[in-house]
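Just so it is clear, none of the values below were taken in a lab; they were calculated from the coordinates. Keep in mind that what you see is a predicted model, and the values were worked out from it rather than measured. Using ideal geometry, Cβ is built from the backbone for each residue, glycine included, and neighbour counts are taken over all protein chains shown.
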Amino acid sequence: MTQLWNRQSQLFEPAELFDRIHAADVTCFQNHWLPPMQAKIDELKLAGQYNRQTVSQWNLEDAHWGWPAKFQSRAGQLQWASYALRCSGMTQGLMFINLVYRCRLPSQLNQHMLYVDLVSTAPWNRPRFTPNPLYGGVGMVLVTEAILRSEDEGFDGRVGLHSLPGAETLYRDKLGMDCLGPDPAYSGLLYFEMTPQRAAQLLALLTSKTGGTV
Amino acid sequence: MTIRNRPDRQWYARMIQDTLDDDFVIGPAPFSASKAEATEPPLTVAFGTLVRLARRSKKLTVEQLAEKLSVDAEEIQQIERDPSYHARPRTISNIARFFDLPLTELMKLAGAAVSNDDVFRTKALKFAAHSDDMSILTDEEQTMLRGFIRFLREKP
């Protein structure tokens, strides 16, 4: 078990992290995530304002990612792993990771790492999408899980990811990942890596001596 | 999933509060003209891993293996460490003979032949993702190495 911050009640609520996206999560995505996102996209299109800037402004970047298709195509591939975070009976977050990438950071060059491919939170949790977002912490729980999985896999906490523009300061400044600059092979998005040292520092931060299991 | 020590609730609470208003979203950008998938590593990563583990399973140093294959130690080092390095066909052939591996499959792994087989690619990359640099193979590594070699040998 883990927890999410309910912004409305101002209390933490128990949440459950599953180490695989299940059919129920895909159904939740299709029935509950997609309709409000699609409605906003239709609204933007109708107003002639459907462009990169407004999509980013409304936090709708992931509307075109096709989670259900990815869920299908990646289900039988050993290199992929997925996670679903549920709270109050709904899927609150989804993540895909890949286990076969190698580090690009000079100090870690060619070392095994975990690559975070996709992370999304439900539309009702997004501050820019909805005036009263519900849960906070979905991204933090999922990205932390990626670091822990990296340790489990023997990759020493090495994690790589491409950040969308709105998330760059978080990964660079708050999580302390190394930025390797824009990646021309991936839409020019900034590419980040976490070193084993940084992962250890981050996970040790405020951790009790005994640790715990969530 | 492995149960392991992880940060406690206090850690999560603090981190969640510190990042409450931050975006975490990760994935391809919308309206992107370029390919929206991160580039996967080449199969040579698995070739390097296979050579390294097979060498260690025979308790050989890089220099000893190079001598047995009649190649430079530097070439073995590059095969094991640098996925961008393409081994010479003669070296691949010597490796196949020495470790009793199927040459056709090894050529694909080494990047000297094309493979459009997704299952082969997935198994090879997954194999490459699970090894470390310990001097003695662990039981898990031995099992993994044997399993992957069996898979290569059983390819039709």
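Shielding of peptide A:110-119 by partners, expressed as the average count of other chain Cβ atoms within 10 Å per residue Cβ, is 4. Mind pulling the angle between the C-alpha long axis of helix B:139-154 and the longest principal axis of chain B? Nearest 10 degrees, somewhere in 0 to 90. It is inclined by approximately 60 degrees. For the listed residue pairs B:Lys59/B:Lys126; B:Lys58/B:Lys123; A:Lys45/B:Lys126; B:Lys58/B:Lys108; A:Lys40/A:Lys174, the alpha carbons are over 32 angstrom apart in A:Lys45/B:Lys126.
Using the alpha-carbon atoms, what tilt in degrees (0 to 90, nearest 10) does helix A:138-152 show relative to the longest principal axis of chain A? The answer is roughly 30 degrees. The equivalent ellipsoid of chain A has semi-axes of 27, 21, 17 Å, largest first, where each one is the square root of 5 times an eigenvalue of the Cα gyration tensor.
Taking amide H atoms as placed 1.01 Å from N in the peptide plane, the amide H of A:Val100 lies under 5 Å from those of A:Tyr115, each 5 or more residues away in sequence or on another chain. Look at the stretch A:59-69: the mean tally of other chain Cβ atoms within 10 Å of its residues' Cβ atoms is 3.
Using a simple spin-label model with pseudo-atoms 7 Å out from Cα toward Cβ, A:His22 and A:Arg172 lie 4.0 nm apart. Comparing A:Ser73, A:Leu190, A:Gly93 along the charge dipole axis of the stretch A:55-214, the residue lying farthest to the positive side is A:Gly93, per the Cβ-charge model. Using the average count of surrounding beta-carbon atoms within 10 Å as a protection proxy, the listed peptides A:53-60, A:65-72 rank, highest first, as A:53-60, A:65-72.
Computed over the protein assembly as shown, the P(r) curve from all C-alpha pair distances, binned at 20 Å from the origin, holds 27, 52, 19, 1 percent per bin.
Among the residues of A:179-186, the average count of other protein chain beta-carbon atoms within 10 Å of the residue beta-carbon is 2.
Rounded to the nearest whole Hz, the Karplus-based 3J(HN,Hα) values (6.51 cos²θ - 1.76 cosθ + 1.60, θ = phi - 60°) of the stretch A:188-199 follow the sequence x, 5, 5, 10, 10, 9, 9, 7, x, 5, 5, 4, with x at glycine and proline.
The charge dipole of the protein assembly as shown, taken about the Cα centre with unit charges on the Cβ atoms of Lys, Arg (+1) and Asp, Glu (-1), comes to about 540 debye, rounded to the nearest 20.
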